[in-house]
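Engineer: Below are the structure tokens for one structure; questions will follow.
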Amino acid sequence: MKLKKYVSQLDFNQALYPDYFFLKNKTDEELKVLKRSWLRGFLRTNAVLPKVDDKIDFLFFRSMVRDDYKALFHEIASVIDSEKIVFVEDYKIRQNKMNIEASRFLMEHYWIFERINFGNGLLNSCCFIRLMEYLFICSKIISYNFTFLVTFADMQPVENLLVQLTKLTNRKTVTLQHGLYVDYGDMDTVNVVNYKHHCADYFLAWGLSTKRLIEKYHNSIIEVCGKTSIFGLPEHCYPENKSEHKKILVVLDQRIFDEQNFAMLDIVSRYTQGKFIEIYVRFHPSNNKELYFERFPNVKLIVNIEEDFIVIGHTSSMIYEALVLGYESYRYTTEIPSLGFPKELSFTDYASFEDVLHTGIRQKGGKDYIDCTGLASKVKYKNFFNMLLGSTES
């Protein structure tokens, strides 16, 4: 596909914002190092993509690499009444030798560099290299003969660009919801891309809370479909007797909230001293695990939850998912913007943590965040995709 006819209509600032946010406070020396590293990485990048000759109904594209994301993606796709579905995911590989095709792509599209303007030459160069890598992937995928594009998270740079390109070729685009989104207001955080940089025609929301947030910023069509499965938290495995609890699961937020993570773990560690209660943690991919294990040597890394846990978190989606399933779930409340959580299940310090834990409240809730799960959710996704398929037949 020739990109030149479409480039003037693409919003590069939107797609590149996560990279810009990462780079904006770097020194020139740091930017030089990143520029060399990213260029070397791009020129050794290749993509393993499925060979598709026939016309397909749905192209499912996912750039975020996580096992639970992959499972959710495939579970949602499994409800569609069509066999003409192709997945593009986990596609990127690094090779030892230079990829001649990537090098040629960079040279042929160097003219795009003049459209990158973040106010700093080195920062522009870094963002341009990132953009070339994203467009290199998009140029391959956009040539597939598909009717609908379904992305896992359209605020991710390469997915955002692919959605923009697909819309310019007059094909419909859909994005899924990958987590619970918080309106951060004026807070300086990259997480605003979750709702501000949505660009697909359709947004399939887990619940009304996210629907309202997307509607605040966009005029796209939003369907509430719930979440087919809540991965990592099995249903109905917990005992009714609170005294049987022997484990606490602390779900950590991303690195930018390390201060709150440590404070939360301090509170939980104080509470468990002298008690036969084990503390497990679920890390965010951005966390530096060594720092946590150094400060809290007694905590254990959770792999699979196969029994009852008290679930504690700060802003993680998992505490809301635990609430939906009826786990004993509590939230550490700080000044950081977050979704609402029952006040009787929230704490701010050690004293209030003791208070809420001693109440032993176990209640189901959270329908505003996750409308439904299981079969009920699958039916909603199925109805939506059947509607899309029907729209092409009328």
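The values are calculated or read from the model by the stated rules, or taken from the named source; none is laboratory data. Predicted, not measured: the structure shown is a model, and the values here were computed from it. Methodologically, a virtual Cβ is constructed for each residue, glycine included, from the backbone with ideal geometry; neighbour enumeration extends over all protein chains shown.
Engineer: Which residue out of L208, L233 is out of contact with any helix residue (DSSP H, G or I) (no Cβ under 7 Å at 6 or more places or on another chain), surrounded by fewer than 22 Cβ atoms within 10 Å (Cβ to Cβ) and aliphatic (A, V, I, L, M)?
Structural biologist: Details: L233 fails: out of contact with any helix residue (DSSP H, G or I) (no Cβ under 7 Å at 6 or more places or on another chain).
Sole residue among the options that is out of contact with any helix residue (DSSP H, G or I) (no Cβ under 7 Å at 6 or more places or on another chain), surrounded by fewer than 22 Cβ atoms within 10 Å (Cβ to Cβ) and aliphatic (A, V, I, L, M): L208.
Engineer: Follow-up. Consider F152 carefully, then state whether it is among the aromatic types (F, W, Y) and either touching a Cys at 6+ places or on another chain (Cβ under 7 Å) or touching a residue at least 40 places away in the same chain (Cβ under 8 Å) (or both). Spell out the reasoning first.
Structural biologist: Values: among the aromatic types (F, W, Y): yes; either touching a Cys at 6+ places or on another chain (Cβ under 7 Å) or touching a residue at least 40 places away in the same chain (Cβ under 8 Å) (or both): yes.
When the stated conditions are applied, F152 passes them.
Engineer: A follow-up question, please. Does at least one position in the stretch 273-286 carry a residue that is at positive phi and over 20 Å from the mean Cα position of the chain (by Cα)?
Structural biologist: If we filter the stretch 273-286 for residues that are at positive phi, which is where we start, we get 274.
Imposing the further condition that a residue be over 20 Å from the mean Cα position of the chain (by Cα) reduces the set to 274.
Yes, the stretch 273-286 contains at least one residue that is at positive phi and over 20 Å from the mean Cα position of the chain (by Cα).
Engineer: Just to check your reading of the model, which residue among F73, F105 is at pLDDT 90 or above and either over 18 Å from the mean Cα position of the chain (by Cα) or within 25 Å of N25 (Cβ to Cβ) (or both)?
Structural biologist: Working: F73 fails: either over 18 Å from the mean Cα position of the chain (by Cα) or within 25 Å of N25 (Cβ to Cβ) (or both).
The match here is F105.
Engineer: Can you list residue pairs whose Cβ atoms sit under 7 Å apart, with the first residue in the stretch 254-269 being in a helix (DSSP H, G or I) and the second being modelled with pLDDT under 95 and basic (K, R)? Count only pairs 6 or more apart in sequence or on different chains.
Structural biologist: Hits for this filter: F262/R295.
Engineer: Please determine whether any residue of the stretch 152-162 is part of a strand (DSSP E or B), surrounded by 23 or more Cβ atoms within 10 Å (Cβ to Cβ) and aliphatic (A, V, I, L, M).
Structural biologist: Applying the first criterion (part of a strand (DSSP E or B)) to the stretch 152-162 yields none.
Within the stretch 152-162, not a single residue is part of a strand (DSSP E or B), surrounded by 23 or more Cβ atoms within 10 Å (Cβ to Cβ) and aliphatic (A, V, I, L, M).
Engineer: Also: Provide a single number: the residues in the stretch 271-316 that are part of a helix (DSSP H, G or I) and under 17 Å from S329 (Cα atoms).
Structural biologist: First, pick out the residues of the stretch 271-316 that are part of a helix (DSSP H, G or I): 271-272, 289-295.
This time we only want the ones that are under 17 Å from S329 (Cα atoms), so: 271-272.
Residues meeting the conditions: 2.
Engineer: Also, quick follow-up: Taking the stated definitions as given, is K172 surrounded by fewer than 22 Cβ atoms within 10 Å (Cβ to Cβ), under 30 Å from G390 (Cβ atoms) and not polar (S, T, N, Q)? Give the derivation first.
Structural biologist: Values: surrounded by fewer than 22 Cβ atoms within 10 Å (Cβ to Cβ): yes; under 30 Å from G390 (Cβ atoms): yes; not polar (S, T, N, Q): yes.
Yes.
Engineer: If you scan the stretch 224-249, which residues turn out to be at pLDDT below 70 and of a type in the set (S, T, N, Q)?
Structural biologist: The answer is N241, S243.
Engineer: Can I ask one more? Against the conditions (1) out of contact with any strand residue (DSSP E or B) (no Cβ under 7 Å at 6 or more places or on another chain); (2) of a type in the set (S, T, Y); (3) in a helix (DSSP H, G or I), where does T166 fall short? Just the number, please.
Structural biologist: Evaluating T166 over (1) out of contact with any strand residue (DSSP E or B) (no Cβ under 7 Å at 6 or more places or on another chain); (2) of a type in the set (S, T, Y); (3) in a helix (DSSP H, G or I) leaves (1) as the failure.
Engineer: Given (1) free of Cβ contacts under 8 Å to residues at least 60 places away in the same chain; (2) on the phi < 0 side of the Ramachandran plot, identify the lone condition not met by N170.
Structural biologist: Only one criterion is unmet by N170, namely (2).
Engineer: How about the stretch 1-28: which of its residues are closer than 21 Å to A200 by Cβ, assigned to a helix (DSSP H, G or I) and within 27 Å of the chain's Cα centre (by Cα)?
Structural biologist: Within the stretch 1-28, V7, F12, N13, Q14, A15, L16, Y17, P18, D19 qualify.
Engineer: Now, a different point. Do any residues in the stretch 179-208 that are of a type in the set (K, R) have Cβ atoms under 6 Å from those of residues that are surrounded by fewer than 23 Cβ atoms within 10 Å (Cβ to Cβ), where the two are at least six apart or on different chains, and which pairs are they?
Structural biologist: Close Cβ pairs satisfying both conditions: K196/Y217.
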